[in-house]
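Only one structure is covered here, and it is reproduced in the block below.
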4 protein chains.
Amino acid sequence: VRVIDLNCDMGESFGRWRLGADDVVLPLVSSANIACGFHAGDPLTMVATVRDATRHGVVIGAHPGLPDLLGFGRRHLAIAPDETYAYIVTQVGALMGAVQAAGTRLHHVKLHGAMTVVVETSEEHAAAAVQAILDTAPEPRLYWRAAPVPDPFSDEARRRGVEVVLEMYPDLVYAPDGHLAPPARGEFAVLDQAIEQVRRALSDGEVLTSAGAPVGIEFSSICVHGDSAEALDIVRASGCTIAAPGANANGERAA
Amino acid sequence: VRVIDLNCDMGESFGRWRLGADDVVLPLVSSANIACGFHAGDPLTMVATVRDATRHGVVIGAHPGLPDLLGFGRRHLAIAPDETYAYIVTQVGALMGAVQAAGTRLHHVKLHGAMTVVVETSEEHAAAAVQAILDTAPEPRLYWRAAPVPDPFSDEARRRGVEVVLEMYPDLVYAPDGHLAPPARGEFAVLDQAIEQVRRALSDGEVLTSAGAPVGIEFSSICVHGDSAEALDIVRASGCTIAAPGANANGERAA
Amino acid sequence: VRVIDLNCDMGESFGRWRLGADDVVLPLVSSANIACGFHAGDPLTMVATVRDATRHGVVIGAHPGLPDLLGFGRRHLAIAPDETYAYIVTQVGALMGAVQAAGTRLHHVKLHGAMTVVVETSEEHAAAAVQAILDTAPEPRLYWRAAPVPDPFSDEARRRGVEVVLEMYPDLVYAPDGHLAPPARGEFAVLDQAIEQVRRALSDGEVLTSAGAPVGIEFSSICVHGDSAEALDIVRASGCTIAAPGANANGERAA
Amino acid sequence: VRVIDLNCDMGESFGRWRLGADDVVLPLVSSANIACGFHAGDPLTMVATVRDATRHGVVIGAHPGLPDLLGFGRRHLAIAPDETYAYIVTQVGALMGAVQAAGTRLHHVKLHGAMTVVVETSEEHAAAAVQAILDTAPEPRLYWRAAPVPDPFSDEARRRGVEVVLEMYPDLVYAPDGHLAPPARGEFAVLDQAIEQVRRALSDGEVLTSAGAPVGIEFSSICVHGDSAEALDIVRASGCTIAAPGANANGERAA
């Protein structure tokens, strides 16, 4: 039985608007990616989520996104490399404020939504994002989707000294070119196929692409979506053991 | 000749909108209070202002305000104590991101605009603000207006272990009750009276209230407004020597 | 059996964040107060809510609030009278855009949250708000809480030619001074007492204050909160008949 | 001497941040494109700019943009067609509120910044934008850049019944493919070449592309940038007569 890190996006409420079931999910995962106020999250939510995660021994990641509350940071925005840098620096900083206030530490950085696309638009954007992580994260560590194809961004991060934790997504479909997408309506029997996708990935180290071909995939974390309770069932059903809350990606507890 | 710290609010531009003459003022002052994005400032501006201040040896303060871009943080907003806490924690954090990225350190925290009124509305708000500074600032130090009357907020900060640097305002009018206000139209010949106000404060340790009575005032910094070039002339004309950029409030250079 | 207008705040979602059960409530009420983007609501939501209300024959009110998404427009913000005017003018205008696009008409204006407090802070604010309604609403009509005490704001509106529709709140507690407040924890058995409050108000034209004394109240609409399904049960249980969707406050259908 | 409409973007201040010299420019132009709060402008500015334009007899256009204050609406944002529609509907509506309050009328709509790129990304976006103008503007009229090449968006607008007023830009460079761009550093002696560009356009109906070839161009308005005083000198030096403030694109006064 493989022990594996389970990460989940959290702290995505904004003011009166609640999103996600953070209190249900927190006791079950080992890592939380916490929104930093640009695409979701607000100061109260950031402070409270960091506190709650700390209380549950869940390690904390900053989850910076694009400054687009209206679009939840999911719409591509043509920012410049120095904006990529500054947006990550100030968001990681803002969460670090909450992290310090809670007397804990920042474990990793994970880019949100269309910010992941931005860093793939050019080498300058990739370099800016990596530099921002190096300049602000006490332990430069990036969570990034595992892909069965060459991946310039995580390569650049690794080359510059950032530890990269690759994540597997149970409920997304792997395109033949390695990109991930939400299942098209009807294409993907989420529950069953997701369980099967995790099981195969864990046992054989491969996923089936949407074209039906198996491709190899390496990962040390599984990312679930907190607003679907099924996500956790999927992971459990797949037969792996979720790392103890607070454990790192290798199943070891954080210091 | 007294050597004294000169501080100025900076980094108050937002996106395409420029405010202040930061490049003119930076070489002349010893401390910069940098906006953190809630009432003014944006990620690019924060990163650039921190860098420029560092280059000029000017020490850096975080200048958190109310989340009211439209009102520049100057309109009272009835927030709760836990919001006061979270707003300061995340803003100081965001600026800390830029500070760390520039390889420098955070010298102090100064509250902006109506946030200064918020912390005076109740003991809970005061305590929340002080706690936020203690929880995030590596060297808990508050810039706060010197007042010729008892001042519960700075007393609370001092009592809890925050160093308080009291500031004198050359171009504001001291009311008999110790509050400061912009001069009413015609009431205050800014240039002449401001020079006189600084001179008297430096030499005799007192200011004249708007009622004409002298009251004692203690301070170790002078706050000038960066958008008025006269501000600096005022200080120079008053006969004091501005601390070397990068010097602390006692005229000693920061480590 | 009295036929009465039932109004409900709607369109309070923002981007990915959903709030309220508009699709459930729309078929049951006769008037919708639709958020205009300052405290809640966004362009897509405004356009869709106006369309849905129109489809159900529910008359449409603009529901302008303070520019405070983070606080849902519920925190007092010290704006100036010309800001009160401009905030209402542009919010009513924005909703009018959606109203015109749907080929329908604007029935009324209802102020949201702390904006209702702002217009009570001074005669200037009251005058500014009334003028804004007169300047933009094709049929100047205001929804406003019925109070068992003299009410300067609605008096001013009426005096200036704005039709005032007074609303009764089933689930709020009437203080002896006429102000309404959410029930304190345990003070108010919402379901039972709310039914009783509506029943008494409809049959006897009075409410019991929190001090237990009956005071007279006149109203021609009942305001329910869309996020609590009980609200509608309360009204039904009270024995009145809700005006047909699209009916005005007198139970007559809108032209 | 040709009499021609001169239009200028206005109302681009936001809160305390001032932009443009609206008071200087307003007496000199015949049409104002007023920001609607998404990329620039705020309620006070919208109301005041509409009033000032009305006082000077300058006709008023709504100038909707992308919801990106931080980027001044100049960065491409990947919105969906229904967002294009809703963003234009609510922005035109918001300005209409100010227009109605000033007792005047809306003359035209002009898209701002990257919103002009959005409507060129697909037929769906173009149709959505045209529909939004038809659904909200009392006189459906679009200001759009004149191009020496086929232009699908203005064709679609015209085909659907929107009057299109084509504008010539004195201080932009025409690429061989018809696109306009700010002059590269040194490429364009703004003052002289701009005067020459307007002169040639007015007399010969053509511009020189950056490749040096003359191409025909038809237009009935000239767009100047309000933050450069030279813009007006350019137009005057070109020998044309600016339409009287309040005149329409044909030099006739608005009703």
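Do we find that residue C:56 is within 21 Å of residue C:7 (Cβ to Cβ) and open to solvent by less than 10 Å² (accessible area, probe 1.4 Å) in this structure? Reasoning before the result, please.
On the way: within 21 Å of residue C:7 (Cβ to Cβ): yes; open to solvent by less than 10 Å² (accessible area, probe 1.4 Å): no.
No: the conditions fail for residue C:56.
Name, by its number, the condition in (1) charged (D, E, K, R); (2) open to solvent by 10 Å² or more (accessible area, probe 1.4 Å); (3) within 16 Å of the chain's Cα centre (by Cα) that does not hold for residue B:167.
Going through the list (1) charged (D, E, K, R); (2) open to solvent by 10 Å² or more (accessible area, probe 1.4 Å); (3) within 16 Å of the chain's Cα centre (by Cα), residue B:167 breaks only (2).
Tally up the residues in region C:1-14 that are under 24 Å from residue D:93 (Cβ atoms) and surrounded by fewer than 20 Cβ atoms within 10 Å (Cβ to Cβ), please.
As a first pass, look at region C:1-14 and keep what is under 24 Å from residue D:93 (Cβ atoms): C:7-14.
Subsequent filtering for residues that are surrounded by fewer than 20 Cβ atoms within 10 Å (Cβ to Cβ) retains none.
Of the residues in region C:1-14, 0 are under 24 Å from residue D:93 (Cβ atoms) and surrounded by fewer than 20 Cβ atoms within 10 Å (Cβ to Cβ).
Give the number of residues within region B:128-157 that are open to solvent by 10 Å² or more (accessible area, probe 1.4 Å) and out of contact with any helix residue (DSSP H, G or I) (no Cβ under 7 Å at 6 or more places or on another chain).
Selection size over region B:128-157: 11.
Quick check on my filter: what residues within region A:16-33 are within 14 Å of chain C (Cβ to nearest Cβ) and open to solvent by 50 Å² or more (accessible area, probe 1.4 Å)?
Across region A:16-33, the qualifying residues are A:16, A:18.
Residue D:68: touching a Leu at 6+ places or on another chain (Cβ under 9 Å), of a type in the set (D, E, K, R) and farther than 25 Å from residue B:17 by Cβ, yes or no? Don't jump to the end; show me each part of the working.
Details: touching a Leu at 6+ places or on another chain (Cβ under 9 Å): yes; of a type in the set (D, E, K, R): yes; farther than 25 Å from residue B:17 by Cβ: no.
No.
Please specify each residue of region A:114-127 satisfying the condition of being under 25 Å from residue C:16 (Cβ atoms), open to solvent by 10 Å² or more (accessible area, probe 1.4 Å) and not in a helix (DSSP H, G or I).
At the first step, the residues of region A:114-127 found to be under 25 Å from residue C:16 (Cβ atoms) are A:114-121, A:125.
In the following step, the residues that additionally are open to solvent by 10 Å² or more (accessible area, probe 1.4 Å) were identified as A:116-117, A:120-121, A:125.
Those that are under 25 Å from residue C:16 (Cβ atoms), open to solvent by 10 Å² or more (accessible area, probe 1.4 Å) and not in a helix (DSSP H, G or I): A:120, A:121.
Would region A:112-119 turn up any residue that is in contact (Cβ under 8 Å) with a residue 12 or more places away in the chain, closer than 17 Å to residue A:10 by Cβ and small (Gly, Ala, Ser)?
Yes.
List the strands (runs of 3 or more DSSP E) inside region D:142-237, counting only whole elements, that have at least 2 residues being at pLDDT 90 or above and out of contact with any Ser or Thr (no Cβ under 9 Å at 6 or more places or on another chain). If you could, list the steps in order and put the result at the bottom.
Values: elements: D:163-168, D:206-208, D:214-216, D:221-224.
Passing ranges, in order: D:206-208, D:214-216.
Out of C:82, C:52, report the one residue that is farther than 20 Å from residue C:232 by Cα, in contact with a helix residue (DSSP H, G or I) (Cβ under 8 Å, 6 or more places away or on another chain) and of a type in the set (Asp, Glu). Before you say what the answer is, go through the steps one by one.
On the way: C:52 fails: farther than 20 Å from residue C:232 by Cα.
Going through C:82, C:52 in turn, just one is farther than 20 Å from residue C:232 by Cα, in contact with a helix residue (DSSP H, G or I) (Cβ under 8 Å, 6 or more places away or on another chain) and of a type in the set (Asp, Glu): C:82.
A quick yes/no check of all residues on (1) modelled with pLDDT under 95; (2) within 16 Å of the chain's Cα centre (by Cα); (3) away from chain A (no Cβ under 11 Å):
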{"position": "B:39", "(1), (2), (3)": "no, yes, yes"}
{"position": "B:51", "(1), (2), (3)": "no, no, no"}
{"position": "B:63", "(1), (2), (3)": "no, yes, yes"}
{"position": "B:76", "(1), (2), (3)": "no, no, yes"}
{"position": "B:104", "(1), (2), (3)": "no, no, yes"}
{"position": "B:112", "(1), (2), (3)": "no, yes, yes"}
{"position": "B:116", "(1), (2), (3)": "no, yes, yes"}
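Return the residue satisfying two criteria in turn: it lies in region C:78-93 and is open to solvent by less than 10 Å² (accessible area, probe 1.4 Å) and of a type in the set (Gly, Ala, Ser), and of such residues it is farthest from the other protein chains (Cβ to nearest Cβ).
The qualifying residue farthest from the other protein chains (Cβ to nearest Cβ) is C:86.
Touching a residue at least 12 places away in the same chain (Cβ under 8 Å) and more than 16 Å from the chain's Cα centre (by Cα), is that true of residue B:46?
yes
Of the conditions (1) in contact with a helix residue (DSSP H, G or I) (Cβ under 9 Å, 6 or more places away or on another chain); (2) touching a residue at least 40 places away in the same chain (Cβ under 8 Å); (3) away from chain B (no Cβ under 14 Å); (4) aliphatic (A, V, I, L, M), residue D:3 clears all except one; give me its number.
Only one criterion in (1) in contact with a helix residue (DSSP H, G or I) (Cβ under 9 Å, 6 or more places away or on another chain); (2) touching a residue at least 40 places away in the same chain (Cβ under 8 Å); (3) away from chain B (no Cβ under 14 Å); (4) aliphatic (A, V, I, L, M) is unmet by residue D:3, namely (1).
Tell me which residues, restricted to region A:19-41, are in contact with an Asp or Glu (Cβ under 9 Å, 6 or more places away or on another chain) and closer than 20 Å to residue B:80 by Cα.
The answer is A:41, and nothing else.
Out of curiosity, is residue C:73 touching a strand residue (DSSP E or B) at 6+ places or on another chain (Cβ under 9 Å) and either over 30 Å from residue C:240 (Cβ atoms) or without any contact (Cβ under 8 Å) to a residue 60 or more places away in the chain (or both)?
Details: touching a strand residue (DSSP E or B) at 6+ places or on another chain (Cβ under 9 Å): yes; either over 30 Å from residue C:240 (Cβ atoms) or without any contact (Cβ under 8 Å) to a residue 60 or more places away in the chain (or both): yes.
Here the answer is yes, as residue C:73 does meet what is asked.
From B:199, B:160, which residue is charged (D, E, K, R) and either surrounded by 15 or more Cβ atoms within 10 Å (Cβ to Cβ) or closer than 20 Å to residue B:223 by Cα (or both)? Full working, then the answer.
Numbers: B:160 fails: either surrounded by 15 or more Cβ atoms within 10 Å (Cβ to Cβ) or closer than 20 Å to residue B:223 by Cα (or both).
Matching residue, one of B:199, B:160: B:199.
The values are calculated or read from the model by the stated rules, or taken from the named source; none is laboratory data. Predicted, not measured: the structure shown is a model, and the values here were computed from it. So basically every Cβ, Gly included, is an ideal-geometry build from the backbone, and we count neighbours across all protein chains shown. Only protein heavy atoms, including side chains, enter the accessible area calculation; ligands, DNA and RNA are left aside. Shrake-Rupley method; radii C 1.70, N 1.55, O 1.52, S 1.80 Å.
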